[in-house]
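These notes concern the structure reproduced below.
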Amino acid sequence: MKQIALLVLLSTHAFAATRARYGGTLKVAVIAPVLESDPLLADTPAEAALIQATSTPLCLGMTWTSPTSLQVTSPRAAELQKNFVRAQASPYRGLVAVIKNRALKGDTLELSLSHPFPELAQSLCSPVLSVQPGPFALTGEAQLSAPTGRAFADRLVTSATDERGAGRKLALRQAQLVLGANPLSGARAEAPGAALYSTFLFFQPQRTGPDLRQAVESTVDRMELARAFIRAPAFPQPRLLPPALMPQETLLRPSAPPPPAVPRPLTLLYDAQIPDHRAVAERLQVQLHDRGYRIVLKALPRAQLRSRWAQKDYELLLQGLLLPPQPATAFMVVLDAAGRSDLFPQELAALGALEDPSAREARVRERALALAPGLTLIPLYAQGLSVQSAPGLVQGLTRDAQGLPSLADLFLTPEP
Amino acid sequence: MRLRTRLALFFAPLAIVPLALVVPSTVRDLRHTLLEELTARIQRTAVSAQATVQQTRTETERAITELASSDALAEVAQDVHQQRNPVGVKSAAEQLMKARGLNVLSLLDDAGTVISSGHVPARLGDQDPTLSKLIRERPAHAVPLWVEVASEEGVTQKPALVFAEPMEYGELRIWVVGGVLLDEAFANRLGALTSAKVQLEGANGLVAQAGDAQPPTVERVLQLSPDLRLRLEFSRAASIKAERGLVISFATVVGIGLVLAILSVLVLTPRLTRPIESLTAGVRRIGQGEMNFKVEEHGSGEVGELVTAFNRMTGELKRTTEQLVASERIAAWQEVARRLAHEIKNPLTPIRMSLETLIAAQKAQSPKFNALFQESAGAVIEEVDRLRRIVDEFSQFARMPKPRLETAELSELTSQALSLYGSLPEGVRLHTELAPSLGVKVDPDQLTQILVNLVKNAIEVLPKGGDIWVRTRRVQHHAVIEVEDSGPGIRPEHRARIFEPYFTTKEGGTGLGLAIAARICQEHGGGLDVDAGTEGTGALFRVRLPVARGLRSS
């Protein structure tokens with residue numbers, strides 16, 4: 001009997017050790033100089049993860065009334081309507097490119113599509129379209145009545161730091177989780193998620209000259225870029241869509257074009273809030289210098305960078321996009337970011353005619369391959385989000401289809 | 001030129017000349033000294049700059065050598081060897097570079113591939129041809145090289161002092177190649193040390209510059225490498241300014257000296273010159289007849305003695321002049337009395353003879369008594385008339401009335417006087433040249449008397465006809481009337497006496513006409529003189545009268 005009691009007692013303790021517990025303060029350190037709070041700007045994987053923790057995606061409560069009609073019922077439907085409007089001025093307009101009309105009736109937003117587009121439902125799960133509140137309030141307190149359910153931690157505290165600071169925080173138990181860092185000693189690396197954060201080099205051919213694409217392709221080694229200049233997990237991306245969405249073959253490097261006739265300096269704009277982009281910009285600078293280009297680097301806050309992109313006021317511009325996990329939607333986003341929303345009708349029509357998901361994906365890949373050489377952007381690499389935790393402090397980490405961790409699902413291990 | 005002015009002109013050069021003699025040589029010496037000092041400073045500065053470059057070279061070599069044997073680098077080498085911590089390796093060069101005060105540092109493998117770079121982090125994995133060449137050649141000392149440097153503005157080539165040292169880790173060899181840029185900061189450092197304008201120049205032009213040198217300048221060039229030189233420019237502005245300042249100072253001293261000389265002349269010399277000026281004025285006034293004038297200014301020394309002697313002399317001159325005038329007056333009256341007696345005595349003799357003849361004839365009851373009585377009575381009456389004329393003219397001469405002056409136009413008066421001669425003797429021609437608007441202040445009657453007398457005399461010397469010219473004109477401050485004749489002229493022995501009373505060359509003349517005319521002219525403040533010319537060419541009498549003020553005279 002005693003043995004049975006002891007066994008039950010031991011199993012209870014063991015059971016207790018893995019059971020999710022409520023309570024505690026989840027402290028998350030993010031490798032970034034500043035953290036954006038606007039969902040349309042907070043599109044690095046780490047920032048998107050934080051946005052998800054403080055907002056609710058509207059892909060819940062959706063009903064297809066027809067292949068081209070979708071209803072979203074939610075007390076936050078009006079806010080979703082506003083987010084659609086705001087998204088028109090962002091690189092994520094392609095997420096909702098297929099929507100022809102919107103009608104708000106009370107808590108129901110009726111969306112009319114131009115063509116059948118089943119991926120739209122998942123597109124609405126994008127953090128850029130999410131609305132508040134989420135599992136945690138902006139002030140960090142857990143929301144008991146969050147639509148997705150209460151978070152395990154009572155409170156979420158986030159901080160922006162660098163890698164040395166992150167390592168120190170982990171060591172001193174000032175953070176249990178670190179997002180976006182290179183491998184830190186003493187930290188446990190969580191399982192990687194999908195690498196859907198693609199970085200592109202945008203360019204204006206009328207300002208850079210016609211040979212810029214060839215100059216870049218002849219000198220840039222994407223594998224070396226991903227390995228040596230960018231935080232892991234990073235993957236070379238020679239194709240329009242990231243490796244998670246389409247196969248990436250190693251492209252043959254073209255020959256170097258002749259140097260530009262007039263060595264006029266070109267300005268390369270990049271995000272001042274992303275250290276990896278600075279490293280990539282510097283690498284592009286020296287490599288294009290070898291091709292006869294003089295590149296001037298200019299760092300801009302993200303809001304200004306987006307504004308310059310929207311106005312096409314740039315010569316070269318380095319920008320990252322957090323692509324949705326669906327190839328068709330990702331394809332629309334990239335087409336629109338490259339300024340080819342004029343292709344939406346024909347591409348959506350072609351896709352709408354295909355019901356089979358595999359056929360749709362094949363069509364997207366085929367069109368991506370065909371259109372890529374003519375677009376005014378050059379894909380460089382794709383990144384996922386590294387998540388490291390202090391061993392034994394947090395458990396329950398899960399990632400969504402976009403590779404983002406669900407902070408609300410994390411629970412803290414009780415202190416011994 | 002006045003004495004005071006001459007003294008000023010004499011003392012002024014005394015103030016200027018010595019300085020003018022000294023200034024050029026002083027300025028020349030100063031210029032030479034300043035140039036020598038500048039040359040020496042340039043030499044010292046060039047040596048100092050060379051020493052700074054050498055010191056930088058030595059420090060670079062030491063820093064790279066120490067780094068190559070450091071534990072920090074050993075850790076990096078371990079990471080490279082074990083192909084781990086790529087992020088740490090990538091940033092290692094930048095951290096090591098900053099820690100050792102370098103601004104160029106690359107870690108290369110034996111093939112010259114960049115393992116890590118602090119000055120161009122983006123060159124990771126690339127071959128650096130310049131640094132590869134350096135590790136192949138492996139010079140013993142730091143050398144000037146053009147290295148690639150990346151910045152926000154682009155990728156450029158900049159000069160640097162670079163040294164290479166290998167580090168062995170097992171079979172791995174890592175080259176530590178680093179140094180300092182020869183950039184603006186280096187130029188600033190040199191500029192602060194040398195106080196010169198520092199320019200680093202490459203084959204394509206200016207690389208870095210610091211400091212300033214106001215032109216004009218002199219320069220010294222140090223060749224650091226075949227395509228890199230250091231130019232040091234030194235300003236000569238200070239020495240030129242010093243030189244200019246000296247010249248200005250001298251000029252100021254000269255100016256002050258000149259002013260002081262003039263002031264001293266103006267202030268001090270009056271003590272000397274005033275008595276002399278008073279003496280000069282005194283001489284002038286005594287010459288004009290003011291015998292009572294005395295010089296009041298009394299100087300000291302010789303000048304004072306001169307003034308005293310002058311005043312004593314003028315007093316004696318006055319007394320002597322008065323005595324002489326008195327004597328002359330007595331002599332003149334004696335002469336007049338003698339002549340008057342002579343003139344009176346002349347007619348008395350024929351009167352006496354006539355009466356004695358009549359008495360004798362009456363005693364003798366001569367039958368010619370009546371004829372003798374008529375003849376003798378006529379002779380007596382004639383001589384009595386002559387006596388009366390003599391007495392009348394003498395009375396007129398002795399009781400010459402004061403002229404009643406009034407302003408008149410001379411030519412008009414002259415014309416009026418000449419009109420009294422309505423008909424001239426046969427053969428005598430009268431010519432007039434009368435200047436208009438010639439105002440004089442005269443007694444018209446007395447002037448008429450003068451002109452009548454002169455023209456009468458001229459007519460009398462032309463018994464067989466001739467020409468008489470009457471002219472009026474202005475000569476300086478006098479109105480002049482000239483009466484000229486074409487007669488025989490005046491004999492030289494008579495010219496001096498022609499204006500004396502009772503001197504005459506005419507038969508029956510009283511000898512008072514010209515004397516009266518001369519006295520009238522004197523009373524008017526003028527004068528009467530004669531220009532006798534040569535014998536036989538006629539005589540010219542000239543009346544001078546003061547010009548009247550207020551009446552416009554041409």
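With the structure loaded, tell me whether A:Ala310 is farther than 24 Å from A:Val30 by Cβ and at pLDDT below 95 or whether it fails that test.
Judged against the criteria, A:Ala310 is a match.
Pick out the one residue from B:Glu219, B:Glu168 that is out of contact with any strand residue (DSSP E or B) (no Cβ under 7 Å at 6 or more places or on another chain), surrounded by fewer than 17 Cβ atoms within 10 Å (Cβ to Cβ) and in a strand (DSSP E or B).
Being out of contact with any strand residue (DSSP E or B) (no Cβ under 7 Å at 6 or more places or on another chain), surrounded by fewer than 17 Cβ atoms within 10 Å (Cβ to Cβ) and in a strand (DSSP E or B) holds for just one of B:Glu219, B:Glu168, which is B:Glu168.
For segment A:171-184, which residues satisfy the criterion of being within 15 Å of A:Ser386 (Cα to Cα) and out of contact with any helix residue (DSSP H, G or I) (no Cβ under 7 Å at 6 or more places or on another chain)?
A:Gln176, A:Leu177, A:Pro183
In segment A:266-278, which residues are more than 14 Å from chain B (Cβ to nearest Cβ) and either among the basic types (Lys, Arg) or open to solvent by less than 10 Å² (accessible area, probe 1.4 Å) (or both)?
If the condition is that a residue be more than 14 Å from chain B (Cβ to nearest Cβ) and either among the basic types (Lys, Arg) or open to solvent by less than 10 Å² (accessible area, probe 1.4 Å) (or both), then A:Asp271 is the only one that fits.
Any idea which of A:Ala228, A:Ala299, A:Ala281, A:Ala234 is over 19 Å from the mean Cα position of the chain (by Cα), closer than 17 Å to A:Ile378 by Cβ and within 12 Å of chain B (Cβ to nearest Cβ)?
Step by step, each of A:Ala228, A:Ala299, A:Ala281, A:Ala234 is checked, and only A:Ala281 is over 19 Å from the mean Cα position of the chain (by Cα), closer than 17 Å to A:Ile378 by Cβ and within 12 Å of chain B (Cβ to nearest Cβ).
Which one of the conditions (1) small (Gly, Ala, Ser); (2) within 13 Å of another protein chain (Cβ to nearest Cβ); (3) assigned to a helix (DSSP H, G or I) does B:Ser116 fail to meet, given that it meets all the rest?
(3)
May I ask you to verify whether B:Thr314 is β-branched (Val, Ile, Thr) and open to solvent by 60 Å² or more (accessible area, probe 1.4 Å)?
The answer is no for B:Thr314.
Please find, within segment B:470-491, the residue that is farthest from the chain's Cα centre (by Cα) out of those that are part of a loop (DSSP other than H, G, I, E, B) and under 18 Å from B:Val452 (Cα atoms).
Checked segment B:470-491; the qualifying residue farthest from the chain's Cα centre (by Cα) is B:Gly487.
From the list B:Val23, B:Val53, B:Val104, B:Val76, exactly one residue is out of contact with any Gly (no Cβ under 6 Å at 6 or more places or on another chain) and either under 30 Å from A:Arg164 (Cα atoms) or free of Cβ contacts under 8 Å to residues at least 60 places away in the same chain (or both). Which is it?
On inspection, the qualifying residue turns out to be B:Val76.
Can you give me the number of residues within segment A:291-333 that are in contact (Cβ under 8 Å) with a residue 40 or more places away in the chain, more than 20 Å from A:Gly384 (Cα to Cα) and either aromatic (Phe, Trp, Tyr) or part of a helix (DSSP H, G or I) (or both)?
7
Looking at (1) of a type in the set (Gly, Ala, Ser); (2) open to solvent by 10 Å² or more (accessible area, probe 1.4 Å); (3) within 11 Å of another protein chain (Cβ to nearest Cβ), which one does A:Ala261 not meet, given that it meets all the others?
Result: A:Ala261 fails condition (3) only.
Has segment B:140-147 got any residue that is more than 14 Å from every other protein chain (Cβ to nearest Cβ) and free of Cβ contacts under 8 Å to residues at least 12 places away in the same chain?
Within segment B:140-147, one or more residues are more than 14 Å from every other protein chain (Cβ to nearest Cβ) and free of Cβ contacts under 8 Å to residues at least 12 places away in the same chain.
Let me confirm something: among B:Ala72, B:Ala77, B:Ala93, which residue is of a type outside the set (Phe, Trp, Tyr), over 18 Å from B:Val147 (Cβ atoms), open to solvent by less than 30 Å² (accessible area, probe 1.4 Å) and at pLDDT 90 or above?
Exactly one of B:Ala72, B:Ala77, B:Ala93 is of a type outside the set (Phe, Trp, Tyr), over 18 Å from B:Val147 (Cβ atoms), open to solvent by less than 30 Å² (accessible area, probe 1.4 Å) and at pLDDT 90 or above, namely B:Ala77.
Suppose we filter segment B:151-163 for residues that are within 14 Å of chain A (Cβ to nearest Cβ) and either open to solvent by less than 30 Å² (accessible area, probe 1.4 Å) or at positive phi (or both); how many remain?
Going through segment B:151-163 one residue at a time, the tally reaches 2.
So which of B:Ala150, B:Ala160 is closer than 30 Å to B:Asp109 by Cβ, in contact with a helix residue (DSSP H, G or I) (Cβ under 8 Å, 6 or more places away or on another chain) and assigned to a strand (DSSP E or B)?
B:Ala150
Can you tell me which residues in segment A:308-326 are small (Gly, Ala, Ser) and either out of contact with any strand residue (DSSP E or B) (no Cβ under 9 Å at 6 or more places or on another chain) or within 11 Å of chain B (Cβ to nearest Cβ) (or both)?
Listed by number, the list holds a single entry, A:Ala310.
I'm checking my understanding of the structure. Among residues of segment B:249-276 that are over 22 Å from the mean Cα position of the chain (by Cα) and free of Cβ contacts under 8 Å to residues at least 12 places away in the same chain, which one is least open to solvent (accessible area, probe 1.4 Å)?
This residue is B:Ser249.
Quick one: how many residues across segment B:73-100 are within 14 Å of another protein chain (Cβ to nearest Cβ), assigned to a helix (DSSP H, G or I) and not hydrophobic (A, V, I, L, M, F, W, C)?
Qualifying residue count for the region: 8.
Is there a residue being among the aromatic types (Phe, Trp, Tyr) and either under 59 Å from the mean Cα position of the chain (by Cα) or assigned to a helix (DSSP H, G or I) (or both) anywhere in segment B:419-431?
No; the residues of segment B:419-431 include none that is among the aromatic types (Phe, Trp, Tyr) and either under 59 Å from the mean Cα position of the chain (by Cα) or assigned to a helix (DSSP H, G or I) (or both).
For segment B:125-147: of the residues being touching a strand residue (DSSP E or B) at 6+ places or on another chain (Cβ under 6 Å) and assigned to a strand (DSSP E or B), which is farthest from B:Val114 (Cα to Cα)?
Checking each candidate, the answer is B:Pro144.
Out of (1) under 30 Å from A:Pro265 (Cβ atoms); (2) surrounded by fewer than 19 Cβ atoms within 10 Å (Cβ to Cβ), what's the single condition that is false for A:Phe202?
Among (1) under 30 Å from A:Pro265 (Cβ atoms); (2) surrounded by fewer than 19 Cβ atoms within 10 Å (Cβ to Cβ), the lone unmet condition for A:Phe202 is (2).
Would you confirm whether or not segment A:66-79 contains a residue that is buried (at least 21 other Cβ atoms within 10 Å of the Cβ), modelled with pLDDT under 90 and in contact with a Phe, Trp or Tyr (Cβ under 6 Å, 6 or more places away or on another chain)?
No - not one qualifying residue is present in segment A:66-79.
Out of the residues in segment A:342-378 that are touching a Leu at 6+ places or on another chain (Cβ under 6 Å) and within 19 Å of A:Thr199 (Cα to Cα), state the one that is most open to solvent (accessible area, probe 1.4 Å).
Ranking the qualifying residues of segment A:342-378, first place goes to A:Ala372.
Restricting attention to segment B:462-476, does a residue exist that is among the hydrophobic types (A, V, I, L, M, F, W, C), farther than 16 Å from B:Leu540 by Cβ and surrounded by fewer than 19 Cβ atoms within 10 Å (Cβ to Cβ)?
No, segment B:462-476 has no match at all.
Please specify each residue of segment A:102-130 satisfying the condition of being polar (S, T, N, Q) and either free of Cβ contacts under 8 Å to residues at least 40 places away in the same chain or not in a loop (DSSP other than H, G, I, E, B) (or both).
Across segment A:102-130, the qualifying residues are A:Thr108, A:Ser112, A:Gln122, A:Ser123.
For the subset of segment B:277-311 comprising residues that are hydrophobic (A, V, I, L, M, F, W, C), surrounded by fewer than 18 Cβ atoms within 10 Å (Cβ to Cβ) and under 33 Å from the mean Cα position of the chain (by Cα), which member is nearest to B:Arg4 (Cα to Cα)?
So, considering only residues that are hydrophobic (A, V, I, L, M, F, W, C), surrounded by fewer than 18 Cβ atoms within 10 Å (Cβ to Cβ) and under 33 Å from the mean Cα position of the chain (by Cα), the one nearest to B:Arg4 (Cα to Cα) is B:Ala281.
Name the single residue, out of those in segment A:186-225 being closer than 24 Å to A:Gly396 by Cα and not aliphatic (A, V, I, L, M), that is nearest to the other protein chains (Cβ to nearest Cβ).
A:Gly186
The values are calculated or read from the model by the stated rules, or taken from the named source; none is laboratory data. What you are looking at is a predicted structure, and each value in this text was computed from that prediction instead of being measured. Every residue, glycine as well, gets a Cβ built from its backbone with ideal geometry; the counts of neighbours run over all protein chains shown. To get the accessible areas, we keep the full protein, side chains included, count just its heavy atoms, and leave off ligands, DNA and RNA. Shrake-Rupley method; radii C 1.70, N 1.55, O 1.52, S 1.80 Å.
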